[in-house]
Amino acid sequence: MDKLEREKYREDIAGRANVEDTPELVAYYDALEKKDMGALWTVANKIEPWHPQPTSVPVIWRWADVRPAILRAPDLVTPEKAGRRVIMLVNPGRRDVSAAVGHLYTGIQIMKAGEAASAHRHQASALRFIMEGRGAYTVVDGERMTLDAGDFVLTPNGTWHEHGVDASGSTCIWQDGLDIPLMNALDAGFYEVHPDLRQAETETTDISQRLYGAGFVQPAWLRRDWNKPYSPMMKFPWVETYAALRRAAEVSDGSPYDGIIMEYVNPVTGGPVMPTTGATMQLLKPGMHTRAHRHTGSFVYQVAKGQGFSIIDGVRYDWQERDIFVVPSWAVHEHANASSTEDACLFTFNDLPVMRALGLYRETAVTDNGGHQNISSKA
Ligand SMILES: [Fe+2]
Ligand SMILES: [Fe+2]
């Protein structure tokens, strides 16, 4: 750390580090550095900020840009060579760890009819949100799941999984979400390719959804013994998710910050679908403009339906169906449905289970200006 940087982090506040360089101190710092030591007071205010200081910035990736980019990939690389044909969405502040925001990775994957990727497993928790196409499937621990646009599917940490598209289907595009950066930050990442490159389909297609998917009635003989740290139900269909949102919207306005927001849950525990990763779908009624708040936790949003805008740290981000945007931890945010007749739906995945498990969740509401931010610019 040089003089300029040391100066930058000095704070003239009682209880905070505020040490001016002297020739003796500079010599002392140099001597410490040579022995792999350092004076805490030179970095204390930097490494213990008053509030979260994410290097992630709010970003929106518009489908109008992303779709043509991912459609080019099949002409340039084969799935065999690339492993997975994925365009990553990379936060300018998190390029070093390939994160979209915080410790969350996201990418857009394409697969043509008849293609299949090899089976593998990893420590990272993973999910997919289907964006377009027919005939997509995922196999998780022997269970094949058939997938349509808007369906959300888990490939939890440690499970063998592979993806493909039936020969009778069409080119499919989906969003992948993983906590790879978190696993790497914790030095806990592992990856294995299946020894046979394919796994046997030992279960009935869509069995977990058929067993657990009713929600309020559960297979008692199974849930008693389920002890894995993730949901036994892997597929969460759009049709049923949207129907549940609509039913709730008839009788409630939901959260002032999120409208009708429903969390995808592990049906056995009622908790998040995976130990590190949570997911929600929210419905904003026609014309709804939520109040602004801020909280810890990093969020990746995909516009599942409709159009509107979000204001993040004073900047307005207009969005349409299939656009993806991120809200970094502690960023002030509010959402609005721009239509006066149609509802809008936002899918998110997030690291809230980590925040909650470690007691790190904090939330505050914006109270002035009617609970809304002033818009300083438009992205
Ligand atoms: Fe995977
Ligand atoms: Fe929020």
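For segment 304-353, give me each residue that is more than 21 Å from N369 (Cβ to Cβ), in contact (Cβ under 8 Å) with a residue 60 or more places away in the chain and either in contact with a helix residue (DSSP H, G or I) (Cβ under 8 Å, 6 or more places away or on another chain) or of a type in the set (V, I, T) (or both). Once the filter is applied, which keeps residues that are more than 21 Å from N369 (Cβ to Cβ), in contact (Cβ under 8 Å) with a residue 60 or more places away in the chain and either in contact with a helix residue (DSSP H, G or I) (Cβ under 8 Å, 6 or more places away or on another chain) or of a type in the set (V, I, T) (or both), segment 304-353 yields A304, K305, Q320, E321, R322, D323, I324, V326, D343, C345, T348, D351. Selection of strands (runs of 3 or more DSSP E) fully inside segment 214-301 by the criterion of at least 3 residues being in contact with a helix residue (DSSP H, G or I) (Cβ under 8 Å, 6 or more places away or on another chain) returns 278-284.
Selection of segment 30-52 for residues being surrounded by 12 or more Cβ atoms within 10 Å (Cβ to Cβ) and either among the small types (G, A, S) or without any contact (Cβ under 8 Å) to a residue 24 or more places away in the chain (or both) yields L32, E33, G38, A39, A44.
One residue alone among L211, L182, L197 is within 16 Å of ligand 1 (Cβ to nearest atom), aliphatic (A, V, I, L, M), assigned by TED's automatic domain parsing to the domain that holds M355 and modelled with pLDDT of 95 or more, and that residue is L182.
Number of residues in segment 51-84 that are closer than 30 Å to V193 by Cβ and not charged (D, E, K, R) equals 13.
Residue check: L178 meets all listed conditions (1) buried (at least 16 other Cβ atoms within 10 Å of the Cβ); (2) free of Cβ contacts under 8 Å to residues at least 60 places away in the same chain but one, namely (2).
Highlighted here are the strands (runs of 3 or more DSSP E) found entirely within segment 28-130 that include at least 1 residues which are in contact with a Phe, Trp or Tyr (Cβ under 6 Å, 6 or more places away or on another chain) and of a type in the set (A, V, I, L, M): 59-61.
Determine, yes or no, whether E162 is more than 16 Å from ligand 2 (Cβ to nearest atom) and crowded, with 18+ Cβ neighbours inside 10 Å.
yes
Going through V251, V354, V268, V332 one at a time, which residue ends up being surrounded by 21 or more Cβ atoms within 10 Å (Cβ to Cβ) and of a type outside the set (S, T, Y)?
V354
Pairing each residue of segment 70-91 that is surrounded by 13 or more Cβ atoms within 10 Å (Cβ to Cβ) with any residue that is of a type in the set (F, W, Y) and at pLDDT below 85, provided the two are 6+ apart or on different chains, yields no C-beta distance under 6 Å. Within the option set G164, G169, being farther than 30 Å from A292 by Cα, without any contact (Cβ under 8 Å) to a residue 60 or more places away in the chain, part of a loop (DSSP other than H, G, I, E, B) and of a type in the set (G, A, S) holds for one residue only, G169. Note on segment 185-213: residues that are surrounded by 14 or more Cβ atoms within 10 Å (Cβ to Cβ) and not in a loop (DSSP other than H, G, I, E, B) amount to 6.
Residue count for segment 237-264 under the criterion of being in contact (Cβ under 8 Å) with a residue 12 or more places away in the chain and of a type in the set (S, T, N, Q): the result is 2.
Within the option set S125, S118, S98, S56, being surrounded by 18 or more Cβ atoms within 10 Å (Cβ to Cβ), within 16 Å of ligand 1 (Cβ to nearest atom) and either small (G, A, S) or more than 28 Å from Y317 (Cα to Cα) (or both) holds for one residue only, S125. Within segment 128-146, being closer than 13 Å to E162 by Cβ and more than 11 Å from ligand 1 (Cβ to nearest atom) holds for A136, Y137, V139, D141, G142, E143, R144, M145.
Only a single criterion out of (1) away from ligand 1 (no atom under 16 Å from the Cβ); (2) among the hydrophobic types (A, V, I, L, M, F, W, C); (3) closer than 17 Å to G177 by Cβ is not satisfied by V251, namely (3).
The values are calculated or read from the model by the stated rules, or taken from the named source; none is laboratory data. Note that the structure is a prediction, hence the values are computed from the model and not measured. Virtual Cβ from ideal backbone geometry, glycine too; neighbours counted across all protein chains shown.
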